[in-house]
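A.B. asks: This is the structure, below, for whatever I ask next.
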Amino acid sequence: MKKFFEFEQLETNYRKETIAGITTFLAMAYILFLNPSMLSDGTGMDKGAVYVATALAAAIGTLIMGVLAKYPIALAPGMGLNAFFTYTVVLGYGIPWETALAGVLVSGLIFILLTLTGLREKVINAIPAHLKMAVGAGIGLFIAFLGFQNVGIIVSDESTVVALGDLTNPETLLAIIGLFATVILIAIGFKGGVFYGMVITAIVGIIIGQIPLPDKIISGVPSIEPTFGAAFTHLGDIFTIQMLVVILTFLFVDFFDTAGTLVAVASKAGLMKDNKLPRAGKALFADSAATVVGATLGTSTTTSYVESTTGVGGAGGRSGFASVVTAILFLLALFFSPLLNVVTPSVTAPALIIVGVLMASSLKDIPWDKFEIAVPAFLTIIMMPLAYSIATGIAVGFVFYPITMVAKGKIKEVSPVMWGLFVIFILYLGFLH
């Protein structure tokens with residue numbers, strides 16, 4: 001085992017890797033409750049089945065990453081992608097969740113194909129870095145807006161469209177308490193601050209009678225039958241312009257989120273060699289395979305988690321063995337589904353807001369002094385929460401990019417891929433309604 005995971009070369013050991021695996025799990029355990037809550041409340045999917053799909057997709061994807069790519073990187077259904085799945089595809093477009101799962105499945109298969117053929121790097125290089133940053137920041141704003149909205153901190157208003165809600169409402173007040181707790185935990189450097197913030201919020205909610213006390217903590221594994229295989233039965237429904245854009249968005253966000261996470265974690269662990277990522281193809285294959293597995297089981301896109309840096313930077317994880325430990329913990333989590341009953345919107349809202357804050361950090365990497373770049377980047381970011389759609393934000397930004405670049409006399413810097421996306425998104429916006 002030590003030889004397989006190259007403990008000697010990486011100067012690590014079982015104790016260090018085990019602690020790293022546990023640390024990473026605690027940092028991202030919130031997704032076990034946040035993902036089922038979001039998908040079931042918004043789409044009508046069975047919450048227990050989604051919980052099982054989330055845990056299994058995370059366990060299988062993380063195990064593949066640890067054993068095949070040998071990286072201390074964990075995977076799970078991604079934040080942002082689950083919001084897009086729920087609020088844009090199902091609620092916004094009125095597409096059945098089964099068809100949306102088929103779109104996730106196809107995006108995963110395309111990701112595998114791009115990885116195996118080597119086209120991945122060409123596509124990545126064709127899309128400007130600042131637009132990738134804008135997409136990440138825009139999703140962060142969208143997720144935070146959902147958190148504020150779900151508990152009534154922000155409400156609809158006939159005069160101003162949106163306004164500040166009643167902060168004395170018990171549900172709203174509990175979410176605000178949870179937000180304060182989460183912010184303090186993360187500010188003082190507490191590992192797994194988002195997860196423990198949810199725990200504190202739930203406990204306070206139980207104490208004040210806002211959340212019912214669960215009758216048990218451990219139980220048998222819920223049935224996955226309500227969601228398992230639904231993606232395959234609806235593959236024939238994906239051949240529309242709308243679903244094409246949906247698939248492209250699933251693919252696009254996962255594509256660059258994964259690439260950024262891999263580089264961030266590998267750099268933190270000192271695994272980069274000559275500014276290149278060893279076994280990058282295997283790592284990307286693990287990510288795309290996890291998406292296919294997750295869609296088959298019944299959850300939105302599974303992707304690499306930047307929270308893996310907590311296990312690497314905070315606990316010194318260096319090898320795939322840390323991922324194996326994290327995967328085992330996700331499997332054990334299958335027996336804790338009764339805790340879903342205490343994860344109310346008041347508990348999830350602080351997590352959504354903080355994840356939004358963390359994702360918005362990419363704003364610093366956008367060159368705002370270059371107008372031809374600032375316009376498409378800003379429109380990408382602002383249109384996501386305003387149009388209540390991640391896909392629309394991407395579409396608007398990617399339509400304006402070639403226009404501003406041509407106007408600036410930089411037509412040669414616009415790749416054929418960007419012109420192709422320009423046409424696709426023009427069609428998408430034209431046929432949106």
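The values are calculated or read from the model by the stated rules, or taken from the named source; none is laboratory data. Remember, predicted model here, so these are calculated numbers, not experimental data. Positions of Cβ are generated from backbone atoms using ideal geometry, with glycine treated the same way; all protein chains shown enter the neighbour counts. Accessible surface is based on the protein model in full, side chains and every heavy atom, while ligands, DNA and RNA are left aside. Shrake-Rupley method; radii C 1.70, N 1.55, O 1.52, S 1.80 Å.
A.B. asks: Quick check of the Kirkwood formula: for the chain, what is the inverse mean of 1/r over all pairs of different Cα atoms, in Å?
C.D. replies: Its Kirkwood hydrodynamic radius stands at 21.9 Å.
A.B. asks: Around residue 76, which amide H atoms from residues at least 5 apart in sequence, or from another chain, sit under 5 Å from its own amide H, with H modelled in the peptide plane?
C.D. replies: 303, 305
A.B. asks: Then there's this: What does the convex hull of the alpha-carbon atoms of region 368-433 project to on average, in nm²?
C.D. replies: Numbers: hull surface 17.8 nm².
Its Cα hull, projected and averaged over all orientations, spans 4.4 nm².
A.B. asks: Hey, how many Å between the Cα centroid of region 378-433 and the Cα centroid of region 21-36?
C.D. replies: A separation of 34 Å, based on Cα centres.
A.B. asks: Scan the chain and hand back the longest stretch that contains none of the GluC sites (Glu not before Pro) lying in DSSP loops with at most 16 other Cβ atoms within 10 Å.
C.D. replies: Counting at most 16 other Cβ atoms within 10 Å as exposed, the longest clean stretch of the chain is 159-433.
A.B. asks: Can you work out the Karplus-derived ³J(HN,Hα) for every residue in region 24-41? Use 6.51 cos²θ - 1.76 cosθ + 1.60 with θ = phi - 60°, whole Hz, and x for glycine or proline.
C.D. replies: Each residue's phi maps through the Karplus curve to give 4, 4, 5, 5, 10, 5, 4, 5, 4, 9, 6, 5, x, 4, 5, 5, 6, 5 Hz.
A.B. asks: I would also like to ask the following. What is the set of long-range amide H partners of residue 162 at a cut-off below 5 Å, with H atoms built 1.01 Å from backbone N?
C.D. replies: Amide H neighbours of residue 162: 157.
A.B. asks: First compute the accessible area of the chain with a 1.4 Å probe, then give the percent of it belonging to carbon and sulfur atoms.
C.D. replies: That share works out to 67 percent.
A.B. asks: Indicate the gyration tensor shape class of region 363-404 (rounded, prolate or oblate), computed on the Cα atoms with a ≥ b ≥ c the square roots of the eigenvalues: a/c under 1.5 is rounded; otherwise a/b larger than b/c is prolate and the rest oblate.
C.D. replies: It comes out oblate by the Cα gyration axes.
A.B. asks: Post the alpha-carbon centroid distance, region 103-163 to region 269-325, in whole angstrom.
C.D. replies: A separation of 19 Å, based on Cα centres.
A.B. asks: Right, here's the next one. Let me cross-check residue 132: its accessible surface, 1.4 Å probe, with only protein heavy atoms counted, in Å² to the nearest 10?
C.D. replies: My reading of the accessible area for residue 132 is about 50 Å².
A.B. asks: Any idea what the dipole of the chain comes to, in debye rounded to 20, about its Cα centre with Lys/Arg Cβ at +1 and Asp/Glu Cβ at -1?
C.D. replies: The calculated dipole for the chain is roughly 1360 debye.
A.B. asks: Excluding ligands, DNA and RNA, what is the solvent-accessible area per residue of the chain at a probe of 1.4 Å, expressed in Å²?
C.D. replies: So the chain comes to 41 Å² accessible per residue, rounded to a whole number.
A.B. asks: Here's another thing I want to ask about it. With a ≥ b ≥ c taken as the square roots of the eigenvalues of the C-alpha gyration tensor of region 258-408, please select rounded if a/c is under 1.5 and otherwise prolate if a/b is larger than b/c or oblate if it is not?
C.D. replies: In terms of gyration-tensor shape, oblate.
A.B. asks: If you don't mind, there's one more thing I want to ask. Tell me the Kirkwood radius of region 192-265: reciprocal of the mean inverse pair distance over distinct alpha-carbon atoms, in Å. Could you put the intermediate results ahead of the total?
C.D. replies: Details: mean 1/r = 0.0578 Å⁻¹.
Its Kirkwood hydrodynamic radius stands at 17.3 Å.
A.B. asks: Identify which of 356, 397, 229 has the largest mean-square fluctuation in a Gaussian network model of the chain, with springs joining Cα atoms closer than 10 Å.
C.D. replies: 229
A.B. asks: Residue-wise, which Karplus ³J(HN,Hα) couplings in Hz belong to region 4-19, taking 6.51 cos²θ - 1.76 cosθ + 1.60, θ = phi - 60°, and x for glycine or proline?
C.D. replies: Couplings: 4, 8, 6, 4, 5, 5, 8, 6, 9, 8, 4, 4, 5, 5, 5, 4 Hz.
A.B. asks: Hey, can you grab everything whose amide H is under 5 Å from the amide H of residue 154? Only 5+ residues off in sequence or another chain; H modelled, so Pro and N-termini drop out.
C.D. replies: 149, 165
A.B. asks: Mind ranking 418-428, 324-334 by how tightly packed they are, going by the mean number of other C-beta atoms within 10 angstrom, highest first?
C.D. replies: 324-334, 418-428
A.B. asks: Each residue of region 361-378 in order: what ³J(HN,Hα) in whole Hz does its phi give by Karplus 6.51 cos²θ - 1.76 cosθ + 1.60, θ = phi - 60°, with x for Gly and Pro?
C.D. replies: 4, 5, 4, 5, 8, 9, x, 5, 7, 9, 4, 5, 9, 4, 5, x, 5, 5
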